[in-house]
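Take a look at the structure below.
The values are calculated or read from the model by the stated rules, or taken from the named source; none is laboratory data. These numbers were taken from a predicted model, which means no experiment stands behind them. Cβ sites come from the backbone with ideal geometry, for glycine too, and all protein chains shown count toward neighbours. For accessibility, only protein heavy atoms count, side chains too; no ligands or nucleic acids. Shrake-Rupley method; radii C 1.70, N 1.55, O 1.52, S 1.80 Å.
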Amino acid sequence: MIKKTVLKYTLNIGLMLTGLSLSAQNPIIQTKFTADPAPMVYKDTVFLYTSHDENDAFGFKMKDWLLYTSTDMVNWTDHGVVASLKDFKWTDPENGAWAPQVIERDGKFYMYCPMPGQRGIGVLVADSPYGPFKDPIGKPLVKNSSDDIDPTVLINDDGQAYLYWGNPNLWYVKLNKDMISVDGPVVKDPSIAKVKGSPDPFHYQEGPWAWKRNGNYYMAYASTCCPEGIGYAMGKSATGPWEYKGMIMDSDKRSNGNHPGIIDYKGKSYVFGFNYNLGKQTISKHYERRSICVSELTYNADGTIQKLPFWNPEGVKRIATLNPYEKVEAETIAYSEGLKTEKMTEWERNNPYDTGKKITDRLVVSSINNGDYLKVQGVDFSKGTKFLEVSIASMNGGSIEIHTDAVDGPILGTVQVTGKAEGDLFKTIKSPVKNIKGVHDLYFVFKGSKDLFYFDWWKFSAS
Ligand code: FUB
């Protein structure tokens, strides 16, 4: 494990070297390594399902799938692990949780999960986008060839669903209405299929992402490795024939891989993918420690897509504000440095029968040391401010300085945290703050020595 002070120093040097500034937004998740973005818009929220590179990964070391949500495209709330290889009793639980996709149908949520090494593509189902996800069939949904990775799913206007996947060929199969069984044969897509000795205009590699928009069918994908860019094709039906239309993002040696996830949300379009910036800030060697990025996408009038530069550090613009007068989970983050998140379980205490009953699981911000900070963007203080409440479990104590609009901007207030080794015992601390109005970015800057405390949520009040 790299020492935190060294990590922070290298991170700052890394930020300078990679051209990132402290106003960076990309990569959008800094507390874990994430890859293979699978965004889903459901009601007013973006649900971003991701694969998860372990902190000590050299090659692919991936055990579970994560979920983040946002309603403003800049502040992302961490929901932790939503599914893992352990949910499939028929596979190796240790490694191989590759690129998933989730789709909603008739109020149920279906997660398609590939496992490499000819293990196939499994399916999980849940009644809520937050899970719990369960394996309804107890076996792979698709087990066809060594190409079986990277599923993407589309439900056509006539209700017919299609599952596509594959590296280095694109395959598809029709799904039944139940979304957990197939209808008919597996087909190797004839337009994108690689034919030895023939030209390959698509430069298709893997990571397909299918969608329909304004009557056009689209297939974006990671282009020939390595490095991978993001290419796309358009078609007149859900099964093509596909016509290569160009690159959404050229390959770039700064990112060995890339993997598209594309949505429309609140009147704008977005493409997600990944880079290696965070991992490279601590170690320059190539390891599979990836980080999801996002850019705004623009369609031309004829449905084609404008090419984007490589992931810009600024990311995308905020499209809504954050309400500070309701509890905000501390793991709602626009950008952070030095922090992690983890699930903590609180157990019943003073129980004469010692049943060890679980009271609650909470996801908290952890690994908090002197100088770390988290930023939230676009906090709407229309009612003004008088007090700030925070939910904290102290380890060594310390303080939180609340800065506005910059990490060293004006201080709105300071929360003093006392107490030692409180474990999972969270307490609410109420501190006076100056009055502020309008929309501001907030920086929670942590001061003290090391292992200061765990941070669960915060909330402002105007009286
Ligand atoms: O994350 C594991 C694999 O790397 C994915 O399945 C591919 O698309 C590539 O991103």
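Tabulated data
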quantity: Only listed residue being surrounded by 17 or more Cβ atoms within 10 Å (Cβ to Cβ), in contact with a Ser or Thr (Cβ under 7 Å, 6 or more places away or on another chain) and assigned by TED's automatic domain parsing to the domain that holds LEU141, chosen from GLY166, GLY257, GLY240; calculated: GLY240
quantity: Qualifying positions in the range 12-47 - surrounded by 19 or more Cβ atoms within 10 Å (Cβ to Cβ), touching a strand residue (DSSP E or B) at 6+ places or on another chain (Cβ under 7 Å) and either of a type in the set (S, T, N, Q) or at pLDDT below 55 (or both); calculated: GLN25, ASN26, GLN30, THR31, THR34
quantity: Residues being within 19 Å of TYR325 (Cβ to Cβ) and either open to solvent by less than 30 Å² (accessible area, probe 1.4 Å) or not hydroxyl-bearing (Ser, Thr, Tyr) (or both) - total across the range 398-442; calculated: 20
quantity: Subset of the range 319-356 [modelled with pLDDT of 95 or more and among the polar types (S, T, N, Q)]; calculated: THR321, ASN323, THR332, SER336, THR341
quantity: Long-range neighbours under 7 Å by Cβ, at least six apart or interchain, first residue under 15 Å from SER84 (Cα atoms) and away from the ligand (no atom under 13 Å from the Cβ) within the range 46-69, second outside any strand (DSSP E or B) and modelled with pLDDT of 95 or more; calculated: LEU67/TYR130
quantity: Count of residues meeting criterion [in a loop (DSSP other than H, G, I, E, B) and within 13 Å of the ligand (Cβ to nearest atom)] in the range 147-166; calculated: 6
quantity: Count - residues of the range 147-204 that are in contact (Cβ under 8 Å) with a residue 24 or more places away in the chain and under 17 Å from GLY120 (Cα atoms); calculated: 25
quantity: Of all residues making up the range 54-105, the number that are open to solvent by 10 Å² or more (accessible area, probe 1.4 Å) and part of a loop (DSSP other than H, G, I, E, B); calculated: 17
quantity: Which listed residue, of GLY122, GLY138, is closer than 19 Å to LEU85 by Cα, open to solvent by less than 20 Å² (accessible area, probe 1.4 Å), of a type in the set (Gly, Ala, Ser) and touching a residue at least 24 places away in the same chain (Cβ under 8 Å); calculated: GLY122
quantity: Residue match in the range 222-233 (condition: surrounded by fewer than 24 Cβ atoms within 10 Å (Cβ to Cβ), aliphatic (A, V, I, L, M) and either in a strand (DSSP E or B) or free of Cβ contacts under 8 Å to residues at least 60 places away in the same chain (or both)); calculated: no
quantity: Residues that are surrounded by 21 or more Cβ atoms within 10 Å (Cβ to Cβ) and acidic (Asp, Glu), drawn from the range 178-219; calculated: ASP189, GLU206
